[in-house]
Amino acid sequence: VLRRRVGEAILVSGEVEIEVLEISRSRVKLGIRAPFKVSVVRRETLPVARENQLASDLVADLVTNQGKEGLGELVRLLQQPAAAREPAFPPDTGESAD
Amino acid sequence: MLNLAVPETVMPVRLHSPWLGEIEWEPVSELCFPHGLPGFEDRKRLVPVEIPSQRPLIYLQSADKESVCFLTLPVLTVNPAFELRLSEDDRSLLGLDCIDLPPAVRGRASPNFGNDILCLALLVPSGRTVKTNLDAPIVVNLHTGLGIQAVAPEPRAGSFRLAQNGEWERVC
């Protein structure tokens, strides 16, 4: 653990500099200087990056592997009018099953 | 002396997409993602393509790499109650606080879908159907064409899966 004040910085491996720019009640603003080859991302984007890789495979899968049927089925589901869809739960008729 | 100041004609951009075939667009139609998308940081130019017979699907075709293409839907078709929350950083990246924008847009805590911003849910394969993570929508400032994928620091809006009856079901 390192304690820093506004304007102070830390160095990682001598080439990545992280400076505390601003501190508010619940947030810290950091400035990061790093070589171009170093990827700097927020941690929460990592699972999204994995999802995006899968997302980029979807078109290929629908068009190449499943052919027009795959894409057609997806479009059919999306265009199905809400009223024609099966209700998620049976309507309440007011009658008791007992 | 020759006057070289001839009117500039904007040439349409053409690309052969393996998935959409030959497509052509005006440069002004391109969406600019300054940081790309997570996992696709180098793909900074995306073109929205809508095929009338496939509405409400919207393809996001990379203008940089033909093979990269995403399938998306307007978020409200997945969850009509969806509320977009943008961090200060995301608002800044989108240019929503830019002084060139109408004051009403600058002052809004939550910009209007369709008028100010386009908000799309990215579709991911899930078994024989698709799902989408509404905590990471693609958001585009329609006034500037700037886009980001707005990843929420903590799950809130949730993920939804398209069921076989056409309904979207919330998943963990």
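The values are calculated or read from the model by the stated rules, or taken from the named source; none is laboratory data. This one's a predicted model, so the numbers in the text were calculated from it and none came from an experiment. Cβ atoms come from the backbone with ideal geometry, glycine included; neighbour counts cover every protein chain shown. Each accessible area value is taken on the protein alone, full model and side chains, heavy atoms only, with ligands, DNA and RNA left out. Shrake-Rupley method; radii C 1.70, N 1.55, O 1.52, S 1.80 Å.
Report the one residue of B:I117, B:N79, B:N141 whose Cα lies farthest in the direction of the positive end of the charge dipole of the stretch B:30-172 (charges on C-beta: Lys and Arg +1, Asp and Glu -1; origin at the Cα centre).
B:N79
What is the interface area between chains A and B, defined as buried accessible area summed over both chains with a 1.4 Å probe, reported in Å² to the nearest 100? Don't jump to the answer; show the numbers that get you there.
On the way: alone 9380 and 10530 Å², together 17010 Å².
When A and B are taken together, about 2900 Å² of accessible area is lost.
Residues of the stretch A:7-61: accessible area per residue at 1.4 Å, in Å²? Write out the running numbers ahead of the final one.
Numbers: 4000 Å² over 55 residues.
That works out to 73 Å² for each residue.
Calculate the spin-label point distance for A:A9 paired with A:F36, positioning each point 7 Å from the Cα along the beta-carbon direction, and give it in nanometres.
Result: 2.0 nm between the two label points.
If you roll a 1.4 Å probe over chain B with all protein chains in place, what percent of the accessible area is carbon or sulfur?
Numbers: 4890 of 9110 Å².
Whole-percent figure for carbon plus sulfur exposure: 54.
At 1.4 Å probe size, with every protein chain present, just tell me what the per residue accessible area of the stretch B:9-53 comes to in Å².
Values: 2650 Å² over 45 residues.
Solvent-accessible surface per residue comes out at 59 Å².
Can you pull the mean other chain C-beta count within 10 Å for peptide B:120-130?
On the way: counts 0, 0, 7, 7, 9, 8, 2, 0, 4, 3, 6.
Neighbouring Cβ atoms belonging to other protein chains average 4 per residue here.
Other chains' Cβ within 10 Å of A:39-51 residues: what's the mean?
Working: counts 1, 0, 5, 5, 2, 8, 9, 3, 5, 10, 8, 3, 10.
Across the residues of A:39-51, the mean count of other-chain Cβ atoms within 10 Å is 5.
Binning at 5 Å from 0, report for chain B what percent of all alpha-carbon pair distances ends up in each bin.
The percentages, shortest bin first, are 1, 8, 15, 19, 19, 16, 11, 6, 2, 1, 1, 1, 0, 0, 0.
Which percent of the Cα-Cα distances in the stretch A:1-71 go past 16 Å?
Values: 1672 of 2485 pairs.
Value for the stretch A:1-71: 67 percent of Cα pairs lie more than 16 Å apart.
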